[in-house]
Each structure stands twice: as structure tokens, then as C-alpha cells.
Amino acid sequence: MPGLVVVGAQWGDEGKGKVTDLLAERADVVIRYQGGNNAGHTIVRDGEVFKFHLIPSGILYPGKLCLIGNGVVVDPKVITDEIAGLHTRGIDTSGLKISANAHLIMPYHRLLDHAGELRLGEQQIGTTRRGIGPCYADKAARLGIRMQDLLDEKILKQKIYAALEPKRLVLRPYAKDPELDLHAMTEEYRTLGHRLEPYIADTARIVWDSLDAGRLVIFEGAQGTLLDIDHGTYPFVTSSNPVAGAACVGAGVGPRSIDEVWGVAKAYTTRVGSGPFPSELESELADRIREAGGEFGTTTGRPRRIGWLDLVALRYAIRLNGLTGLVITKLDALTGIDPLGVAVRYLGPDQVSFDDFPYHQSIVHKATAEIVELPGWHESLSDARSLEDLPPQARDYLELIGDRLGVPVVLVGVGPGRDEVIRTGAGDHLVPEVAPAPVPQR
Ligand code: GDP
């Protein structure tokens, strides 16, 4: 006790990084349980911006245990660079541990990802082309290479050979790519293995020991519920399971180890890449919210698609994840948007309406959203630290969310900084009073 999952309740980029960072102060361990370096977390600390793609957000606290679970796929080059980047800024990385069972992204996974998207043309999924999907495919095909394989040259070479052989045909256009040379690849990964060896560990055991000692463990999800490979808007999804249940598999704990599940949602909706988006806005309003919220991908810089807050999708996320609390981020980005819209149900073909997220893709693709309008506000919210500090329209907006969804709003984000947050009272047992910045590690 207690294990807390932080999960994206929308299509990703909800600001989970900042939430995890706040909670991390109280936690013993922060563990990522799925995804790869297609996730991107931005944390602003004393005006300094930190971007992480693989390392859990808690790393800025000296000595905090930050784990990369077995469910994550790791590009050893990317993690090595992230570690080096942190060292350059004087940050101690001794608390970082990577599961020996985590699968490795190989050069051929990146090439296959690229080739796959090119082949799909206009139908492309909009992957980040980092090789994540092909890496998970190899894991399922039992052709994956894991962190622990980096430590044995003979096994590494055998496994690379076995994984490469069935791909020769598809990889023919890249046959001359020096990255695909078996010998060179083995050498390169061995070198990376030497550098990563101190970080490789039995992360499931570390999590167990912390939970057993009664400490707080945060399970940090990447992407979001609607991008889940089983429950999201397939095939426009990620190649893993962001939903809270996957925290058990991807970290190696039983379901009884999870006590709380907090879903993070923006005060509006965004999505990157292709796929259905019933509450999407395509007007000048979308541009205003995009600018105000800085809605450009951390990993790719791509402008995000923008829409009204979608209560149908959120209700679905609440059910799938068993949410015990909601964190609403970026309320500040809605300042000046008046009136505000909230999608309360979907309208499918023949004007059939849906309160619940429709299971059939054809309906979701064609659905439009029924919008309820609320008055907006014009004041800046960045100095608000309690609900009473908010303009009444902003309070009404939050109240509508809590009432219609039946899950308490535990935190509200009013700016990117770690202190720009409102504690509502409902989750205070887990969030530190005034989130103090950790001791600089210089
Ligand atoms: P994540 O992957 O879910 O952590 O989300 P991202 O890091 O991709 O996007 C969140 C972005 O929003 C980051 O740049 C954060 O600094 C920023 N952010 C988080 N919470 C708030 C908030 O309440 N208001 C504003 N304006 N920005 C926020």
C-alpha cells in the first residue's frame, strides 16, 4: 500500500509528466509500464525545461527510484543519450533501473516502422517511426531481444541473426544500410550494453519490496486510454496497452497492489495523428487553443488536433481504468474562449445518440458530438491556487465535469510550472501541500 496508477484519460499528451512529477515527491518508486520513446514528458522546473522520452519523470529528485518496467520497449541509444544529457546538467541518475526483461528497439525496427508508414500512404497511422510497433510485434513473435541479452555477446548475435532473417525480404530496400550489418549491430549494441549494465535490474522485485514496506509506488502510463491497442480507436492506436490494468503486467505486480487510479485529462481534447475524433474543432478556435496550450508534440513537434472536452470518451476512460480521481490540466489555456463547448454525447448515423463510447468503429468514425455550451472566462488563471481563486465560470466548468462524470476532480492545472496547480481536497492525502522543488543536484 499504496500503488497509484497515473493514466492518460484521453488520446495522450494530457500532462501526465507534471502530475507524476508532483506525486513523485511522496513516492518511493516511479515506474513506467508500457510504450517506448514515442512518449514525451515535459517538466518545467524553476523555469528550466526537461524533456524525457523514456526516463520516468521522478528522476529530478535525488536518489528517487525511477524504473523502466518490463512492459516498456527501450531504444538503448535513446536511453544512453538521455542519461548523458542528465549527467551534463548535473542530475544524478543512480536511481534509474531498467528491467532486464524490457525489449530492445533495434535498427531494423525503426526501418520497418518507416517502411510500414510509407506503404500505407494516405492510410498511415501516424506513428512516430521510432520502431516501437515493430519491436512489440517481435516481442509477440518471440523474436525480441531483451535488455539482459546485451550482456552476452554470443546470445546477442544469435538473437539478432534469428530476428533479422525473416525480415530480409521486407528490408531489401535497405539492404546496403550499414546499420543492418549483423557484426556492426552486435558490436554497437554490446557497447551500449556495457554502458547500461549498471542500470539493468529486476525491477518487479524492487516494486514488490517497496509496496511490501508500505511505500508509495507510482505506475506511470504513457499515451492515453483512447490510444490503447485493445480499447482505443484501433488501428489508429499505439502498439501497447496504456490502460491502468496494464500497469500490473508491465511492472510485474498483481491487481491487488493497485489502490488508486488517477486519470489525467486536459480541459479540452487533443489528438496526434490520424483517426476518429468526434469533438474535433477545425475553426480558428482550434488555432487559438493550440497556441494557448502549446499543442505541438514533445517528441515530434507535430501540431496536435484540437477539440472540445469529450465527456463520452472520458466516461469510457473512467470505466476502463476504474478511475478513482480525475486530474484536469491546462484549464488556463481556455481563458478567453467564450462560450466554451463540452461534448456530452455522440450522434451516430440516423441521429442515434450514444452516451457510452460506441464499440463499433464505423459509428465512432462517423459520429459527431452533441455540444453543451457554457460561458467562458477572461481572467488569467495562473495565480489561482484554490477553487475559490477561480472565476465562477471556471468553477462551473469543473463542477459540470465532476457532476456528469461522477469521479472527483483531485487536481487542476492552471499553468505548466509545478506550483501552478489547484488541490481540490479530494486527493490531498497523496499530493504534497505546496509542491516544493527538489534540491538541485549540482
Ligand atoms: P504528457 O505526455 O501527458 O506528460 O504530456 P506532455 O508533456 O506531452 O504535454 C503536457 C505539456 O503541457 C507540457 O509542456 C507541460 O509543461 C504542459 N502542462 C502540463 N500541465 C499544464 C497546465 O495545467 N497548464 C499549461 N498551460 N500547461 C501544462
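The values are calculated or read from the model by the stated rules, or taken from the named source; none is laboratory data. All of these numbers come straight from a predicted model, not from anything done at the bench. Methodologically, a virtual Cβ is constructed for each residue, glycine included, from the backbone with ideal geometry; neighbour enumeration extends over all protein chains shown.
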Original post:
Which pairs have Cβ atoms under 7 Å, sit 6 or more apart or on different chains, and link a residue in the stretch 397-414 that is of a type in the set (Gly, Ala, Ser) to one that is part of a loop (DSSP other than H, G, I, E, B) and away from the ligand (no atom under 14 Å from the Cβ)?
Top reply: 402/408
**OP:** Would you confirm whether any residue within the stretch 26-35 is closer than 11 Å to residue 220 by Cα, within 9 Å of the ligand (Cβ to nearest atom) and either in contact with a Phe, Trp or Tyr (Cβ under 7 Å, 6 or more places away or on another chain) or in contact (Cβ under 8 Å) with a residue 60 or more places away in the chain (or both)?
**Re:** no
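Scan the stretch 191-198 and give yes if some residue there is in a helix (DSSP H, G or I), of a type in the set (Val, Ile, Thr) and more than 16 Å from the ligand (Cβ to nearest atom), otherwise no.
Kept after step one, since they are in a helix (DSSP H, G or I), are these residues of the stretch 191-198: 191-198.
Right, trim to of a type in the set (Val, Ile, Thr) and you get 191.
Going one step further and asking which of them are more than 16 Å from the ligand (Cβ to nearest atom), we end up with 191.
Checking the stretch 191-198: at least one residue is in a helix (DSSP H, G or I), of a type in the set (Val, Ile, Thr) and more than 16 Å from the ligand (Cβ to nearest atom).
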Original post:
Right, residue 31: closer than 16 Å to residue 89 by Cβ and either touching a helix residue (DSSP H, G or I) at 6+ places or on another chain (Cβ under 7 Å) or in the same structural domain as residue 246 (by TED's automatic domain parsing) (or both) or not?
Top reply: no
**OP:** Would you confirm whether any residue within the stretch 3-13 is away from the ligand (no atom under 13 Å from the Cβ), in a loop (DSSP other than H, G, I, E, B) and closer than 26 Å to residue 294 by Cβ?
**Re:** no
Original post:
Within the group 428, 403, which residue is modelled with pLDDT under 95, loosely packed, with under 14 Cβ neighbours inside 10 Å, in the same structural domain as residue 9 (by TED's automatic domain parsing) and away from the ligand (no atom under 16 Å from the Cβ)?
Top reply: 403
Original post:
Can you tell me which residues in the stretch 52-64 are surrounded by fewer than 24 Cβ atoms within 10 Å (Cβ to Cβ) and small (Gly, Ala, Ser)?
Top reply: 63
**OP:** Would you point out which residue out of 113, 46 is in contact with a helix residue (DSSP H, G or I) (Cβ under 8 Å, 6 or more places away or on another chain) and of a type in the set (Asp, Glu)?
**Re:** 113
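Residues checked against (1) assigned by TED's automatic domain parsing to the domain that holds residue 37; (2) within 14 Å of the ligand (Cβ to nearest atom); (3) not charged (D, E, K, R):
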position: 225; (1), (2), (3): yes, yes, yes
position: 241; (1), (2), (3): yes, no, yes
position: 248; (1), (2), (3): yes, no, yes
position: 259; (1), (2), (3): yes, no, no
position: 272; (1), (2), (3): yes, yes, yes
position: 278; (1), (2), (3): yes, no, yes
position: 281; (1), (2), (3): yes, no, yes
position: 292; (1), (2), (3): yes, yes, yes
position: 303; (1), (2), (3): yes, yes, yes
**OP:** Would you mention how many residues in the stretch 202-232 are surrounded by fewer than 21 Cβ atoms within 10 Å (Cβ to Cβ) and closer than 16 Å to residue 316 by Cα?
**Re:** 2
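Could you grab me the full set of residues in the stretch 261-312 that are among the basic types (Lys, Arg) and crowded, with 20+ Cβ neighbours inside 10 Å? Working first, answer last.
Our first condition is that a residue be among the basic types (Lys, Arg); within the stretch 261-312, this holds for 266, 271, 288, 290, 302, 304-305.
Scanning the stretch 261-312 gives 266, 271, 304, 305.
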Original post:
Going by the conditions given, is residue 320 among the aliphatic types (A, V, I, L, M), more than 20 Å from residue 268 (Cβ to Cβ) and crowded, with 17+ Cβ neighbours inside 10 Å?
Top reply: yes
Original post:
Residues in the stretch 41-51: is at least one more than 17 Å from residue 210 (Cα to Cα), surrounded by 24 or more Cβ atoms within 10 Å (Cβ to Cβ), within 15 Å of the ligand (Cβ to nearest atom) and among the polar types (S, T, N, Q)?
Top reply: no
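Here's the yes/no breakdown for (1) more than 20 Å from the chain's Cα centre (by Cα); (2) buried (at least 20 other Cβ atoms within 10 Å of the Cβ); (3) not in a helix (DSSP H, G or I):
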| residue | (1), (2), (3) |
| --- | --- |
| 101 | yes, no, yes |
| 112 | yes, yes, no |
| 117 | yes, no, no |
| 133 | no, yes, no |
| 136 | no, yes, no |
| 150 | yes, yes, no |
| 154 | yes, no, no |
Original post:
Can you name the condition, by its number, that residue 359 falls short on among (1) in a loop (DSSP other than H, G, I, E, B); (2) modelled with pLDDT of 95 or more?
Top reply: (2)
